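One structure is given here, and the rest of the page talks about it.
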Amino acid sequence: MKFYRSHILIGIDNTSLEAGVKEIEAALRTELDKNNLSDEINILETGSFGYFGTGVSMMVYPEQTTYVDVKVEDIPEIVEEHFLKGRKVSRLILNTNLLKKYNFNYKRRIVLDNSGKIDPENIEEYIGLGGYEAWEKALINLKPEEIVNEVKASGLRGRGGAGFPTGLKWSFTAPIKAEQKLVVINADEGEPGTFKDRLIMEGDPHKLLEGLMIACYAVGATKAYIYIRGEYKLCIERLEKAIAQAKEYGILGENIFNSGFDLDIMIKIGAGAYICGEETALIESMEGNRGEPRSKPPFPGVKGAWELPTVVNNVETIANVPAIIKNGAAWFTEHGVEGCTGTKVYTMMGDVNLPGLCEVDMGTPLRTIIDQYSGGMKDDRKFKGALVGGAAGVFLSDKLLDVKMDYNSLEEYAAVLGSGAILVMNDDVDMVEMLWSVIRFFRHEACGKCSPCTKGNEVLYTLVSKFRNGEGCEEDLDQMIEISQAMLDASFCPLGQSLIMPVKSAIENFREDFLMKIK
Amino acid sequence: MYKQIFNKYSPEKENLIYILHEIQDNHPQQYISEDAVTEVSEYINVPRAHIYGVLTFYTMFSTKPRGKNIIRLCESPPCFLKGSENILKKLRETLDLGLNKTTKDGMFTLELCACLGVCGNAPVMMINEDVYGNLTEDKIDTIINKIKGEAK
Amino acid sequence: MAKMIKLWVDNIEVEVQEGTTILDAAKETGKKIPTLCYHKDLAPSSNCGVCVVEIEGTKGTKRACSTPAWAGMKVITNSKKLRELRKTLVEMMLADHDVVCPTCEQNNKCELQDLAYLLGVDDKRIPKVLQKKPLDLKSFSIVRDPNKCISCGRCLTVCQDIQTVHALTINGRGFEGTITTPFDKGMADSPCVNCGQCTVYCPVGALHEKSDIDNVWDQLLDKDKYVVVQEAPAIRATLGEEFGMDPEEVTVGKMYAALRRLGFDRIFDTNFSADLTIMEEGTELINRIKNGGKLPLITSCSPGWIKFSETYFPNLAENISTCKSPQQMFGTLVKTYFAEKEGIDPAKICSVSIMPCTAKKFEANRPEMRDSGYQDVDYVITTREFIKMIKEAGIDFKNLPEEKADDIMGKYTGAATIFGATGGVMEAAVRTAVAILSGEEMADVNITALRGMEGIKEASLTIPLKEGGELPVNVAVVHGLGNARKLMEKVESGEKQYHFIEVMACPGGCVGGGGQPYNSTIADRARRGQSLYKEDAKLTLRCSHHNDEVIKCYEDFLDAPNSHKAHKLLHTNYFERCKITGDTIKETTSKH
């Protein structure tokens, strides 16, 4: 093995690709060559560092200097100053004030611990950091029911939005005797403002695979699918590579680690439908149908894809599993709050200084997340509200800035954590416009299966558009709440049932915005 | 006609979406024709009505011929907050094009889409496989001119 | 034995089998929970949400139509919340519905209209969101009005799952999603076989037959036209239920009386040509068996089945009887045999048929159906259209006298009557075939193995031959095109071997036809079939070869069954059809 003086990690994601990262990387290689540094300094491609709006970023180890917004013309300066003279190029360093606030290297990153640190296309790097130890431990030392119990004891809850206890979900399927059982990873991340699963898959695909393997062994499934939305080309590519590598290393396939356990993992892709994030719609789509949800019961855990018992879990949920198995449930419960253990990955967007991903303990209040992990409000504007949980989320006002963010605490305020998307809005934002945008989204994504949701969205869209055009009246506000309540009570699946959250919260918390539009 | 694609997939309904993706990606006009549906229907032994239902359910598929460059502008709330409406207006003016329409020279098709999962760079659009983020009206000119220039 | 569970519906205790839905459990307590998209013959789509109920101790609501009851559950079917909710749901549906009840085909039969009335909704409260779309009018048989569609999904279930025709699908999704034909080409350019089951199950008039009522009135009121009418066997078993009579009553006499009052010049009966069909088809069967012809022979009475077989089973073309359907045999004879006998210029004859069927409209318009030198059948009206005409004319059907059909083509036997029920054609054919082959009449003409609503029925008969020895004959009866598809796949593969197969496109046979009253359930169909069998039992003549008008028709005009002339006028040929457009591709059998 070769030893290098320094490693330069370059974040490869959609942002940096767009900003020309490949060109910059080539320039860097040439420049290093030119200076005879190629043997001393290693360039590694990694996944996203988890913050955005900063163009091409690179991090130099071991000193952990982060350069952002790097352009081709900056390369000679970086090489000369940093690697030849040992002086950091301060004008390119991530805004130091922000960095302090942003606290980029905060600890307790369970899900994202490797993201931005390793080359996601190289299994050895994952293994080098302790990867697949949990899988080995599970398969060789643990019985399936011990794993289910450990996950139960960890208190891990589904991170897709509903927050259903993962261990409990597994325990429904594990005892079922069937010729074939399935585990399906729901990677159809479509909740507007959510891209955490994408970054996990792009930045650390093996973590997902390892968690998935453990889940399969725990419930007795010998076949697994990862259902990825069709737009996530890079994820598909990286996971395909990761699966091939895992097979090559004998971590996946037949008779893994001589345990007698066989497992195959396949990828299924979507083609643009938000509803496929609902587990039964996802199953329909996997089978090659329109992604319309099915009646429950029977629940997928009993009768799912191709009528086989099928456990469906979210990417982030499963990415927690290796750490739980490796470190134990007790370790996991040290994170987060009672009833809601572990961390949560948030995607921060809108009017904050550092939009991007952050992983914090469950229960961290919104104020802390904005101020400490997202660089605070952009341009020091006043916080007006935040759309928390994606489109199927709630418009929070500043009154809830200090509420603990976890499934149980938010429920008390009729709010949800949802997928972890947080869209922060300053006092310039017109909530009528935002609600219009949210309803337009649902109108576009309603599958059309059930009438309450299909018609309800259309009626809501008509009503909210009236305010946009200055034609609304107070009765319309009442009717919007009534319609979304009816949708909650009678829609077939969670899509239509969700409208009540944005509609009611926008109207109740920001009523002034609507009244101002009444002529 | 689609034999090469069919050879990669067993004739089962579960491969339908994969097959449709490939047919569309390999068509110069990026759509799935009636004939293609008929052939797929025969290959996987699934009624055309079913395939048509699937095809029109998912927004990534098109049953109508499209341009060489498909612009898909995200219209979800995060991009909306960051001004996607202005970008849409700008795109329509620059290309002199209505929504879901294709320019006469077959170069561009303009579509709206739901969240692309790149919200950190809102507002965002995709042109074919490439993502363009942090869009501004000036950037639109640059991007469109660059693509036009490359085509010449 | 399934486990029994106990639950409470609005505080009334009830015990049901495990797996029973809340809806059915409530029914046991004497309570009908309001429904709209649900239909008891079809798997629940759970689309409309009208049947929501509350369960004590649980959050939210459950759909009664598709949620199985559980032990100890306490169901609330009526609360202020549920009443308000159901109102809002129906109001939202009306906001997206072309509310033109007075002129709608389904006025007074509309399930949405009923529900809106019962719930006391306000159809103006919610802003209208309907985006009008063009009507699909090109089919000979069926009109599709997307502006009335409530997307309940019943037509899809019937077309895709029960009939396996797959003419209907959903185009797009969400609010813009429309139930339509593939590529939105319209019913006329789709694999639709015109069976019309979608029209029977549509709760709101979004699918109905293409009406010929105005055309028929124009003919009736035209003094230069000689308007002749025939009525299918199934009609008489259906009219009673529509005019407040005992639904089991078969109303032949009143039916003739009503037709006379509508102004038809000659009132005949399709039953006459049903008997004729048996003579032709029975002879064809015997000839095929005796001469080593193509077997199994498959019936050709059902035009929905004929188009289906032309589309999906072109290889079986030679197996299908060359006989025209009774409607078309009748049409040809009206403009030849009848015209000749009465000395009427066939050009002046208008031949109308009253059918329980929408596919008959298509059949009458098939280009090859012109052996009389004219279009053999000019207009086909469905049972529903006929009822509407009777009502429009102000005829007091219930109190009409019992009248008779006119001579020459008005007589029939019990064998013809049972044509309207699944298994009836087969039973009628066996009665005559046995008599011809054995030289003796059957002692008991009831062949109960062929009756009833089972999807695929089979029987093995041993027929004694008059020249000595016996002939084993295997027969099968299917109804519903899904069942037909299953059976034909086995016939094509050689897995199943029969001599004779009866196929009816519609579940229950013609009594369950696509032109029968809206919302005809499987139970209604079974009852109508039973009525026909009862009527048959009352008749003295129960075998087609005993129909003296049929015998006379051969003597005076056709010579003999399967004669050259009979072949020319009463037999037809088939085509292979495109699975996409339904257009003919090529002839699969040739015209004699």
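The values are calculated or read from the model by the stated rules, or taken from the named source; none is laboratory data. Everything numeric in this text was worked out from a predicted model, so none of it was measured. Note that we place each Cβ from the backbone using ideal geometry, even for glycine, and neighbour counts take in every protein chain shown.
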Item to check | Conditions (1) in contact with a helix residue (DSSP H, G or I) (Cβ under 7 Å, 6 or more places away or on another chain); (2) part of a loop (DSSP other than H, G, I, E, B): number failed by B:Leu97 | outcome: (1)
Checklist entry - How many residues are away from chain B (no Cβ under 14 Å), part of a strand (DSSP E or B) and among the β-branched types (Val, Ile, Thr) if we restrict to region A:233-276? => result 2
Next on the checklist: Condition first: surrounded by fewer than 24 Cβ atoms within 10 Å (Cβ to Cβ), out of contact with any strand residue (DSSP E or B) (no Cβ under 9 Å at 6 or more places or on another chain) and not in a loop (DSSP other than H, G, I, E, B). Now tell me which residues in region A:484-503 satisfy that.
Outcome noted: A:Gln485, A:Leu488, A:Pro494, A:Gln497, A:Ile500
Item to check | Subset of region C:168-196 (residues that are facing another protein chain (nearest Cβ under 9 Å), crowded, with 24+ Cβ neighbours inside 10 Å and assigned to a loop (DSSP other than H, G, I, E, B)) | outcome: C:Leu168, C:Arg173, C:Thr181, C:Ser190, C:Pro191
Checklist entry - Across region B:25-49, what is the total count of residues that are in a helix (DSSP H, G or I), within 14 Å of chain A (Cβ to nearest Cβ), touching a residue at least 12 places away in the same chain (Cβ under 8 Å) and surrounded by fewer than 21 Cβ atoms within 10 Å (Cβ to Cβ)? => result 2
Checklist outcome for this item: By residue number, the members of region B:105-152 that are over 19 Å from B:Lys89 (Cβ atoms) and acidic (Asp, Glu) are B:Asp105, B:Glu129, B:Asp130, B:Glu150
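Which of the residues belonging to region A:277-314 are of a type in the set (Gly, Ala, Ser), in contact with a Ser or Thr (Cβ under 9 Å, 6 or more places away or on another chain) and within 14 Å of chain B (Cβ to nearest Cβ)?
A:Gly277, A:Gly291, A:Gly304
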Next on the checklist: For region A:458-477, check the following and say yes or no: at least one residue is within 11 Å of another protein chain (Cβ to nearest Cβ), touching a residue at least 40 places away in the same chain (Cβ under 8 Å) and of a type in the set (Val, Ile, Thr).
Outcome noted: no
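Name the one entry in B:Ile17, B:Ile87 that is farther than 23 Å from C:Asp189 by Cβ, within 12 Å of chain A (Cβ to nearest Cβ) and either in contact (Cβ under 8 Å) with a residue 40 or more places away in the chain or under 19 Å from the mean Cα position of the chain (by Cα) (or both).
Only one candidate passes the filter, namely B:Ile17.
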Checklist entry - So C:Thr157 clears everything in (1) within 14 Å of chain B (Cβ to nearest Cβ); (2) assigned to a loop (DSSP other than H, G, I, E, B); (3) among the polar types (S, T, N, Q) except one condition, right? Which one? => result (2)
Checklist entry - When you scan region A:245-302, how many residues do you find that are surrounded by fewer than 16 Cβ atoms within 10 Å (Cβ to Cβ), in contact with a Leu (Cβ under 8 Å, 6 or more places away or on another chain) and of a type in the set (Phe, Trp, Tyr)? => result 1
Item to check | Check on C:Asp407, surrounded by fewer than 17 Cβ atoms within 10 Å (Cβ to Cβ), among the acidic types (Asp, Glu) and either without any contact (Cβ under 8 Å) to a residue 60 or more places away in the chain or more than 29 Å from C:Thr199 (Cα to Cα) (or both) | outcome: yes
Next on the checklist: Take B:Lys68 and tell me if it is in contact with a strand residue (DSSP E or B) (Cβ under 8 Å, 6 or more places away or on another chain), touching a residue at least 12 places away in the same chain (Cβ under 8 Å) and farther than 27 Å from A:Pro192 by Cβ.
Outcome noted: yes
Checklist entry - Among the helices (runs of 4 or more DSSP H) confined wholly to region C:199-316, which include 1 or more residues that are more than 24 Å from the chain's Cα centre (by Cα)? => result C:213-220, C:252-262, C:270-290
Checklist entry - Taking region C:185-210 on its own, how many of its residues are touching a Ser or Thr at 6+ places or on another chain (Cβ under 8 Å) and on the phi > 0 side of the Ramachandran plot? => result 3
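State whether one or more residues within region C:469-486 are acidic (Asp, Glu) and at pLDDT 95 or above.
no
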Checklist entry - Residue check: is C:Arg525 assigned to a loop (DSSP other than H, G, I, E, B) and modelled with pLDDT of 95 or more? => result no
Checklist entry - In this structure, does A:Ser419 turn out to be closer than 15 Å to A:Gly393 by Cβ, of a type in the set (S, T, N, Q) and outside the structural domain of A:Arg159 (by TED's automatic domain parsing)? => result yes
